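Visitor: Please read through the structure below; I'll follow up with questions.
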Amino acid sequence: MEPFTIVGLKITLKPREKILIGGALISNGNATSELILENEIPVLREKDLLAEKDATTPSRRVYYVIQLMYFDPANLREHHKLYWDLVRQLVQAAPSTLGLIDAISEEILNNRYYQALKIAKKLIEYENELIQRT
Amino acid sequence: MSDISLSAGIRANLLSLQNTSSLLSRTQERLGSGKKVNSAIDNPTNYFTAQSLTNRANDLTARLDGITKGIQTIKAADNGIKGITTFISQLKGIANDALGTTSTTDRQTLASRYNEVVNQITQLAEDSGYDGINLLNSGSLVIQFAEKAGDATLGITGFSGQATAGDLNIATVGAGFTADGAASANITALEAAEVVLRNKSRELSTNLSILTTRESFTKNMVNTLKSGADKLTLADLNEEGANLLALNTQSQLAVQSLSLASQAASSVLRIIG
C-alpha cells in the first residue's frame, strides 16, 4: 500500500507553527504562510504529532502506530501487525470502541492516513471519557 | 411519603445506577433529537447498530474475495512466466547445439525441436489464466479496494506471452538453422525475451505484495468485527473504563513493541520524540 496524500494540498501555517512534511520538521516564520504540497508525501502539523513517550494509553498507542504507517511505509507489514495486536486488546477491553476502530481501519485500508488520525483522535477523546467515569 | 433509609452500600449502588441510566437517557435523547452531540461518548453509537455491523462484515468479505482472486490470477501468471523462462533456456541450448554442428541433418532435427518448444511457449501463455483472466494473454484486472466504486483501485495489466505474435518476439526457425547467423540471431532474441519476462515478473511481484498486505489487513477487519459484535450488545461502559485502565498498567509488552517499531522506523519519527 503506497502512501499518498491529496495532491495540491494547501497548507496554512500560523506564525511560528511547526509542521512535519516528509522527513523535514519545518518551523514557520513570524507571519502566516501558505504552502501548497505539490506531490504525494506524508504531512502532519506539530499539534497533531504524538510522541512515543506520550503514547501511554491503548488508544494513544493506536494513534502512534498509524503515524508509523504514514511516515514509515517501508515497514508497513510490521506496523499492521502491531496495529491489530493493539486493536484486539482495545476492543476486548472496551467493545463499544468497535465502531470507531472500524472507521479508522477503513481509512487505513484506503491509504487515508490523515483521516485515520482524525478519527483516532476521537477515539482518544472517547477513551478519556470512559476512564473519567471510573 | 414515608422516608426510606438505605444503607451506605445500597445508596452507592443506587446512585451508580442512576448515573448510568441518566447517561443513557441523555444519549438517547440526543440521538432522537438529531442535535449535534458534543461528547465523544455519544459518537460511537452513531457508527454502529447491530444491523449495519452484519452488512459491514459482508461488504468487507466481498472485497476480500476480489483481492483473493487477484492474488490467484497473479500467481497463475507467475507460474506461466517461470515455465516460459525454462522453455527459453531450452531454446538457447538447442540454438547453441545448432551452432556447434555443421551436419545438415542434425540441424534439421534441432530446428524442428526448436519450433516445438516455441509452440509450447505459446501454449503455456494461453493456459496461464485464472477464473477467466489471463495476464499472459493481454488480460487485465482491476481490483476494487474501497467502499465506493471508483475509489482506491489497483489495475494490473497483462502482456502477450505468445511466442511469435506477442511481446516476446521468439520466432520459429526455418527448416534447418541454415546459417550460423540465424542461430546467433535467435539467441539474441531469446536473451531479449528473458529481459522482458524478468521485468514483467518484477511488476507482478510488486502487485502481489500490495495485494497480500491488503488481504491480511481486510481479514483482520472482518475478524475484529465478528468477534467484537457479540460483545457490543453487552457493552458496560463503566466496566470498559476500568478495563482500559487495567490495560494501561499491564501494557509492558505493548510499550516494548511500540518502542521496537519506532526504532525500526525511519529517523523522521525520532524528530517527534
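Visitor: Can you return the lysines within cross-link range of B:LYS75? Criterion is Cα-Cα under 17 Å, with same-chain partners fewer than 8 residues away left out.
Guide: Result set, ordered by chain and number: B:LYS200.
Visitor: Cross-link candidates for A:LYS47: which lysines have Cα within less than 20 Å, leaving aside residues fewer than 8 places away along the same chain?
Guide: A:LYS10, A:LYS14, A:LYS18, A:LYS118, A:LYS121, A:LYS122
Visitor: How large, in percent, is the carbon and sulfur part of the accessible surface of segment B:113-247 at a probe radius of 1.4 Å? Don't skip to the end; give the middle numbers.
Guide: Values: 3170 of 6550 Å².
Carbon and sulfur atoms account for 48 percent of the accessible area of segment B:113-247.
Visitor: Shielding of A:82-94 by partners, i.e. mean partner chain Cβ atoms within 10 Å per residue?
Guide: On the way: counts 5, 3, 7, 3, 5, 4, 5, 7, 6, 6, 5, 11, 13.
That works out to 6 on average.
Visitor: Next question, about the same structure. Averaged per residue, what accessible area in Å² does segment B:62-217 show with a 1.4 Å probe, protein chains only? Each step should come with its number before you reach the end.
Guide: Details: 7340 Å² over 156 residues.
Counting only protein heavy atoms, the per-residue value for segment B:62-217 is 47 Å².
Visitor: For peptide A:97-108, what's the mean number of Cβ atoms from other chains within 10 Å of each residue's Cβ? Show your work: numbers first, answer last.
Guide: Details: counts 7, 12, 13, 6, 6, 10, 4, 0, 7, 5, 1, 2.
Average per residue, whole number: 6.
Visitor: Can you give the accessible area buried between chains A and B, summed over both chains, with a 1.4 Å probe, in Å² to the nearest 100? If you can, show how the numbers build up before the last one.
Guide: Working: alone 8310 and 17610 Å², together 20630 Å².
About 5300 Å² of accessible surface is lost on pairing.
Visitor: Using a 1.4 Å probe on the protein chains only, how many percent of the accessible area of segment A:13-134 belongs to carbon and sulfur?
Guide: After summing per-atom areas, the C and S share lands at 49 percent.
Visitor: Under the Kirkwood approximation for Rh and a Cα-based Rg, what ratio Rg/Rh is obtained for segment A:1-96? Spell out each step's value before the answer.
Guide: Details: Rg = 15.7 Å, Rh = 15.0 Å.
Over the Cα atoms of segment A:1-96, Rg/Rh equals 1.05.
Visitor: Going by a 1.4 Å probe on protein heavy atoms, which residues of segment B:210-230 end up with at least 50 Å² less accessible surface in the whole assembly than in their chain alone?
Guide: B:THR213, B:ARG214, B:PHE217, B:ASN220, B:MET221, B:THR224
Visitor: May I ask you to give the solvent-accessible area per residue for chain A, in square angstrom, as obtained with a 1.4 angstrom probe? Mind showing how you got there, number by number?
Guide: Values: 5730 Å² over 134 residues.
Averaged over the residues of chain A, the accessible area is 43 Å².
The values are calculated or read from the model by the stated rules, or taken from the named source; none is laboratory data. This structure is a prediction, so every number in the text was calculated from the model and none was measured. Counting neighbours? That spans all protein chains shown, and the Cβs are built from the backbone with ideal geometry, glycine included. These area figures cover heavy atoms from the full protein model, side chains too; ligands, DNA and RNA do not enter into them. Shrake-Rupley method; radii C 1.70, N 1.55, O 1.52, S 1.80 Å.
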